[in-house]
Amino acid sequence: MSLIVNEIFYSIQGESTYSGRPCTFVRLTGCNLRCSYCDTQYAYEEGMKMEITQIMRRVAAYNCPLVEITGGEPLLQNETPLLISKLLENGYVVMMETNGSFDISRVNEKCIKILDIKCPSSNESEKNDLENLKRLHPKDQIKFVIGDREDYMYAQNIIMLHCPEFLGGHILFSPASGIMSPADLAGWILEDNLNVRLHVQLHKMIWPDKNI
């Protein structure tokens with residue numbers, strides 16, 4: 001059983017409600033979307049084939065209890081759910097960030113899923129599988145990358161129509177890096193008394209010159 005892996009590395013978790021914690025990242029190769037603001041285009045095709053046992057050994061070497069499976073798009077590869085289950089069986093806290101265009105119910109419910117709902121400025125919002133919002137568990141998270149006012153209104157609408165009772169602390173509004181002012185987004189959230197979490201990419205603040 002193998003996957004195409006772009007990179008495995010140890011860093012600070014810069015996104016999600018786990019922001020600030022040390023984390024081992026397994027970045028898988030390949031993505032079915034081409035978001036306008038994508039900062040990991042190198043993961044579209046670059047990677048090497050690794051057996052799940054090899055991946056597990058690399059992860060174990062970092063001696064870190066928190067692991068994130070990311071991409072690209074992790075669910076583009078059929079063996080991703082198996083990797084996640086193996087990690088869970090070995091006692092890791094496992095997160096998976098997904099672009100939301102694949103059915104997340106394939107993944108073990110113990111995995112913390114970060115569902116990235118694409119807003120209009122991504123140019124990929126028509127690819128959202130909004131049925132995934134019904135497949136979330138309370139520990140999971142919903143992320144919206146906001147590039148402008150239209151995106152903000154779109155995200156608000158999705159919340160009101162599809163997940164009005166989802167935990168506000170697990171709904172992440174993230175300003176598109178270099179495009180949307182965090183201060184402006186914060187102002188809109190406060191003005192509308194919106195029950196969401198303003199979410200900045202901590203790793204880009206710590207290492208502004210590194211693409212991680």
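The values are calculated or read from the model by the stated rules, or taken from the named source; none is laboratory data. Bear in mind that the values here come from a model prediction, so they are computed numbers and not experimental data. In this analysis, Cβ positions are derived from the backbone assuming ideal geometry, glycine residues included, and neighbour counts consider all displayed protein chains. With ligands, DNA and RNA removed, areas are computed over all heavy atoms of the protein, side chains included. Shrake-Rupley method; radii C 1.70, N 1.55, O 1.52, S 1.80 Å.
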State whether one or more residues within the stretch 134-141 are charged (D, E, K, R), over 22 Å from P74 (Cα atoms) and out of contact with any Leu (no Cβ under 9 Å at 6 or more places or on another chain). no
Under the condition of being modelled with pLDDT under 85 and in a loop (DSSP other than H, G, I, E, B), which residue from the stretch 178-212 is nearest to C119 (Cα to Cα)? Q201
Can you pull out every residue in the stretch 22-48 that is basic (K, R) and at pLDDT 95 or above? R27
Restricting to the stretch 50-93, name every residue that is touching a residue at least 24 places away in the same chain (Cβ under 8 Å) and among the charged types (D, E, K, R). E51, R58, E68, E73, E79, K86
If we keep just the residues of the stretch 7-17 that are in a loop (DSSP other than H, G, I, E, B) and more than 19 Å from G100 (Cβ to Cβ), which is modelled with the lowest pLDDT? G14
Residue satisfying all of: in the stretch 21-49; open to solvent by less than 50 Å² (accessible area, probe 1.4 Å) and free of Cβ contacts under 8 Å to residues at least 40 places away in the same chain; nearest to K118 (Cα to Cα) among these: C38
Flagged pairs (Cβ under 9 angstrom, 6 or more apart or on separate chains; first in the stretch 146-174, in a helix (DSSP H, G or I); second basic (K, R) and crowded, with 19+ Cβ neighbours inside 10 Å) are G168/R197; G169/R197; H170/R197
Write out, first by first residue and then by second, each pair whose Cβ atoms fall under 7 Å of each other, whose residues are 6+ apart or on separate chains, and whose first residue, in the stretch 9-20, is open to solvent by less than 30 Å² (accessible area, probe 1.4 Å) while the second is part of a loop (DSSP other than H, G, I, E, B) and hydrophobic (A, V, I, L, M, F, W, C). S11/I212
Which members of the stretch 128-156 meet the condition of being over 20 Å from H199 (Cα atoms) and surrounded by 15 or more Cβ atoms within 10 Å (Cβ to Cβ)? N128, D129, N132, R135
Out of (1) open to solvent by less than 60 Å² (accessible area, probe 1.4 Å); (2) touching a Ser or Thr at 6+ places or on another chain (Cβ under 6 Å); (3) over 29 Å from N123 (Cα atoms), what's the single condition that is false for I52? (2)
Which residues, counting only those in the stretch 94-113, are in contact (Cβ under 8 Å) with a residue 24 or more places away in the chain, part of a loop (DSSP other than H, G, I, E, B) and within 16 Å of P138 (Cβ to Cβ)? V107, N108, E109, C111
Among the residues of the stretch 100-121, count how many are modelled with pLDDT of 95 or more and touching a strand residue (DSSP E or B) at 6+ places or on another chain (Cβ under 7 Å). 10
Being within 24 Å of Q201 (Cα to Cα), over 18 Å from the mean Cα position of the chain (by Cα) and among the aromatic types (F, W, Y), is that true of even one residue in the stretch 4-22? no
